[in-house]
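Here's the structure, in structure tokens; my notes come after.
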Amino acid sequence: MADIIVVDDETDVAFMIADYLQAKGYTIRTASGGAELREAIAAAKTDLVVLDLNMPGENGFSLARWLREHHDAGILMLTGADSVFDKVAGLEVGADDYLAKPFAPVELEARIAAVLRRRRPKGANDAEPLPAGQFAFGAYVFDARARNLIDADGGAIPLTPMELDLVAAFATRAGQVIGRDELLDLAPPRGDEPFDRSIDSRITRLRRRLEKDPTKPELIKTIRGVGYLHPRR
């Protein structure tokens, strides 16, 4: 898993983030400011820095600029205010993404995974494994615990509960053909969703939402006379 440095002068926040990410399998080090960050990044390989914006002394903008000039680590910037100005300024000095406090740890994890995917060299075969409970679904990631489908930028794709059930079925059974009757059991209508027993029409609607070209599906392939398949990556 990736090596991450969490930089925050609020030690309770830094330790909370560190504990959560360590439980997900990441290697985590913490720093309370610029001096400790420089020592940590010089000591070992670093894939990403979670960097608080508002710190006494050298702030996150200055540290992000220094990181961009001297290192290739990803930068996820944290701030106590959801300010458009801060976000634009952070991105301009080299941050890869931006997250306002307070935040849900699951969103932080998703954004970290998205930054690491975007910064992975094209054609690299040594892809980082996803955290437990997350499954690749083409260019998306399905988070089984949060029941979210996450895009490459870390944002959740708005889907109905039934559509999420279908995504869960395919993402967790990559490489397996799933029959139509089984899919009806795995993804029954919920609430006000129409009871349409034609799984084919449901798959068609989902393809329109997610496929680059619904007429040439890559995420959900039809296996004639049998069912459907999400190919293993």
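The values are calculated or read from the model by the stated rules, or taken from the named source; none is laboratory data. Since this is a predicted model, take the numbers as computed values, not measurements. Quick note on the areas: whole protein, heavy atoms, side chains included, nothing else; ligands and nucleic acids left out. Shrake-Rupley method; radii C 1.70, N 1.55, O 1.52, S 1.80 Å.
A few notes on this one:
- With 0.36 nm allotted per residue and the present C-alpha distance subtracted, the Arg65-Ala104 stretch has 11.4 nm of extension available.
- Gaussian network model of the chain, springs between alpha carbon atoms under 10 Å - residue of Met16, Met77, Met162 with greatest fluctuation: Met16
- Gain on full extension, evaluated as 0.36 nm per residue between Val13 and Arg209 minus their Cα-Cα distance, stands at 66.8 nm.
- Relative to the longest principal axis of the Cα atoms of the chain, helix 34-43 runs at roughly 70 degrees.
- For the chain, the longest principal axis of the C-alpha atoms and the axis of helix 11-23 are separated by about 40°.
- Per-residue [θ]222 nm for the chain (sum of -39500 (n - 2.57) over DSSP H runs n ≥ 4, rounded to 500): -11500 deg cm²/dmol
- Residues considered: Tyr20, Tyr140, Tyr98. Largest GNM mean-square fluctuation over the chain, using C-alpha springs under 10 Å, is found at Tyr20.
- Rounded tilt (10° steps) of 161-171 against the dominant C-alpha axis of the chain: 80
- Apportionment of accessible area to carbon and sulfur, the chain, percent (1.4 Å): 52
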